[in-house]
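The values are calculated or read from the model by the stated rules, or taken from the named source; none is laboratory data. As the structure is a prediction and not an experimental result, all values here were calculated from the model. All Cβ positions, even for glycine, are placed from backbone atoms using ideal geometry, and neighbour counts span all protein chains on display. The area values use the complete protein model at the heavy-atom level, side chains included, leaving out ligands, DNA and RNA. Shrake-Rupley method; radii C 1.70, N 1.55, O 1.52, S 1.80 Å.
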Amino acid sequence: MDVHVFRAPIDAPVMTSFGTMTDRPAVLVCLTDEDGVSGWGEIWCNYPVCGAEHRARLAIQVFSPHLLGHSFANPPVASDTLAHTTHVLALQTREAGPLDQVIAGIDGALWDLTARRQGRPLWQVLGAMDAQAVVPVYASGINPGGAVESIREARQAGYRAFKIKIGFDQQQDLATVAAASRALAGNEHLMVDANQAWTPDQAQAMVLALGDFPLQWLEEPMPVDTPTAAWRELAAMSPVDLAGGENFASDEAFAKASDDRILSVLQPDLCKWGGISRCVPVAERVIMAGRRYCPHYLGGGIGLIASAHALAAVGGDGLLEVDCNPNPLRTRLAEPFPRVSEGEMPLPDGPGLGVEPDLEAVSRWQTLHLTETVARG
């Protein structure tokens with residue numbers, strides 16, 4: 001097991017209602033089997049900015065003893081085993097989130113390794129039947145300041161749908177959405193993300209005001225732990241479809257939000273919880289329930305491409321989230337990086353993820369490299 005941590009400086013901070021990202025981190029895990037075949041996964045570490053190195057150490061110190069030197073029938077079995085063996089530790093430390101995220105990254109690496117051993121693209125191994133997979137995409141992470149210019153730049157880069165950050169100040173939010181709406185062309189779409197910013201009363205006031213705009217969805221208007229009754233009430237009165245799921249951490253949470261028709265758009269993040277092994281079955285159930293599966297993602301390139309493979313395998317009318325802010329760890333960690341055109345991204349057709357991190361190109365941003373091996377006789 002090799003774990004790499006990177007931090008790339010950025011000129012313009014990425015703003016959310018809960019905090020500001022002042023650099024772009026990424027944690028990659030590489031697993032190599034006894035035949036020398038390797039697979040890559042990514043561990044969620046966006047915020048707070050101090051979390052990347054901690055997750056890397058958890059991967060090596062906590063998980064490698066339960067993984068290296070062992071055999072597993074498939075990635076889901078391995079992930080379930082890791083979750084079971086660290087369950088008490090999660091209770092003891094109250095670090096269920098970081099532990100879940102490390103398991104998710106390991107799961108991604110195991111799926112990449114599995115597909116590479118088969119010599120097939122991951123989207124095929126996961127069940128997609130197309131000869132060449134293409135997924136719809138949208139440009140995400142658009143700050144409220146300069147949103148219109150960011151939309152123009154994303155349009156030039158091939159995007160036809162855009163998501164902007166709100167949840168700061170009501171008048172500022174509405175002015176941002178109004179300006180962004182006016183900037184849309186006839187075939188383009190707009191979404192907004194409040195990042196859990198509002199109380200139930202604030203959310204009710206905002207959904208009514210946002211109903212004046214042509215929005216595809218409103219993401220995370222309230223904290224994820226807001227009582228279900230408040231979510232039902234908001235969904236019943238909202239003229240805008242509600243979206244969420246990046247902060248769910250159980251199959252039950254996704255099932256409830258989908259089956260109760262609280263959320264119209266479900267957004268599991270396969271680097272944050274569950275990995276491919278849990279998120280693909282969740283996505284299949286979401287689509288069967290008549291909801292949209294739009295994978296959440298805002299990290300480096302390996303996790304993004306893994307999310308694209310999952311979306312291609314599951315199908316439906318969902319969109320892949322692609323952060324449009326400058327981030328060399330998105331493209332350099334997934335070479336050759338697919339080019340977006342007319343709102344779509346083609347998936348690589350090489351084995352596994354079909355991409356590789358260019359470690360030499362990103363070496364200047366590496367802050368930590370940890371390695372653990374198992375001696376064999």
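So, in the stretch 111-148, of the ones that are surrounded by fewer than 16 Cβ atoms within 10 Å (Cβ to Cβ) and among the polar types (S, T, N, Q), which residue ends up farthest from MET15 (Cα to Cα)?
Taking the candidates together, the pick is GLN118.
One line per residue, one yes/no per condition, for (1) modelled with pLDDT under 95; (2) out of contact with any Asp or Glu (no Cβ under 9 Å at 6 or more places or on another chain); (3) of a type in the set (Ser, Thr, Tyr):
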{"residue": "LYS272", "(1), (2), (3)": "no, no, no"}
{"residue": "TYR293", "(1), (2), (3)": "no, no, yes"}
{"residue": "ALA308", "(1), (2), (3)": "no, yes, no"}
{"residue": "VAL322", "(1), (2), (3)": "no, yes, no"}
{"residue": "SER363", "(1), (2), (3)": "no, yes, yes"}
{"residue": "THR367", "(1), (2), (3)": "no, no, yes"}
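For the stretch 196-216, which positions are touching a residue at least 60 places away in the same chain (Cβ under 8 Å) and open to solvent by 40 Å² or more (accessible area, probe 1.4 Å)?
Step one: list which residues in the stretch 196-216 are touching a residue at least 60 places away in the same chain (Cβ under 8 Å), which gives 196-197.
Result: GLN196, single match.
Scan the stretch 22-44 residue by residue and report those that are open to solvent by less than 10 Å² (accessible area, probe 1.4 Å) and farther than 19 Å from GLU372 by Cβ.
Across the stretch 22-44, the qualifying residues are ARG24, PRO25, ALA26.
Looking at (1) buried (at least 22 other Cβ atoms within 10 Å of the Cβ); (2) more than 16 Å from LYS163 (Cα to Cα); (3) touching a residue at least 40 places away in the same chain (Cβ under 8 Å), find the lone condition where SER307 falls short.
Of the numbered conditions (1) buried (at least 22 other Cβ atoms within 10 Å of the Cβ); (2) more than 16 Å from LYS163 (Cα to Cα); (3) touching a residue at least 40 places away in the same chain (Cβ under 8 Å), the odd one out for SER307 is (3).
Among the candidates ALA179, ALA157, ALA183, ALA175, single out the residue that is under 22 Å from the mean Cα position of the chain (by Cα) and surrounded by fewer than 20 Cβ atoms within 10 Å (Cβ to Cβ).
ALA157
So, in the stretch 48-80, of the ones that are of a type in the set (Ser, Thr, Tyr) and over 15 Å from GLY108 (Cβ atoms), which residue ends up least open to solvent (accessible area, probe 1.4 Å)?
Start the filter on the stretch 48-80 by keeping residues that are of a type in the set (Ser, Thr, Tyr), which leaves 64, 71, 79.
The next check asks that each one be over 15 Å from GLY108 (Cβ atoms); those that pass are 64, 71.
On the way: SER64: 6, SER71: 116 Å².
In this case the residue turns out to be SER64.
Select from the stretch 48-97 the residues that are part of a helix (DSSP H, G or I) and among the hydroxyl-bearing types (Ser, Thr, Tyr) and write down the one among them that is nearest to CYS279 (Cα to Cα).
Out of the qualifying residues, it is SER79.
So, GLY318, is that one open to solvent by 10 Å² or more (accessible area, probe 1.4 Å), outside any helix (DSSP H, G or I) and touching a residue at least 12 places away in the same chain (Cβ under 8 Å) or not?
Taking the combined requirement at face value, the residue does not satisfy it.
List the number of the failed condition for VAL102; all other conditions in (1) among the aliphatic types (A, V, I, L, M); (2) open to solvent by less than 20 Å² (accessible area, probe 1.4 Å); (3) part of a helix (DSSP H, G or I); (4) within 18 Å of ALA310 (Cβ to Cβ) hold.
So VAL102 meets the others, but not (4).
Would you please list the contacts, defined by Cβ atoms under 6 Å and residues six or more apart or on different chains, that run from a residue in the stretch 218-232 that is within 22 Å of THR176 (Cβ to Cβ) to a residue that is open to solvent by 30 Å² or more (accessible area, probe 1.4 Å)?
GLU220/GLN196; PRO223/GLN196
Can you tell me which residues in the stretch 217-229 are closer than 18 Å to LEU266 by Cα, among the aliphatic types (A, V, I, L, M) and surrounded by fewer than 21 Cβ atoms within 10 Å (Cβ to Cβ)?
VAL224
Please indicate, with yes or no, whether at least one residue in the stretch 275-294 is open to solvent by 10 Å² or more (accessible area, probe 1.4 Å), free of Cβ contacts under 8 Å to residues at least 60 places away in the same chain and under 19 Å from ASN46 (Cα atoms).
Checked the stretch 275-294: no residue is open to solvent by 10 Å² or more (accessible area, probe 1.4 Å), free of Cβ contacts under 8 Å to residues at least 60 places away in the same chain and under 19 Å from ASN46 (Cα atoms).
What single numbered condition from (1) in contact with an Asp or Glu (Cβ under 8 Å, 6 or more places away or on another chain); (2) more than 24 Å from GLY301 (Cβ to Cβ) fails to hold for VAL29?
The single condition VAL29 does not satisfy is (2).
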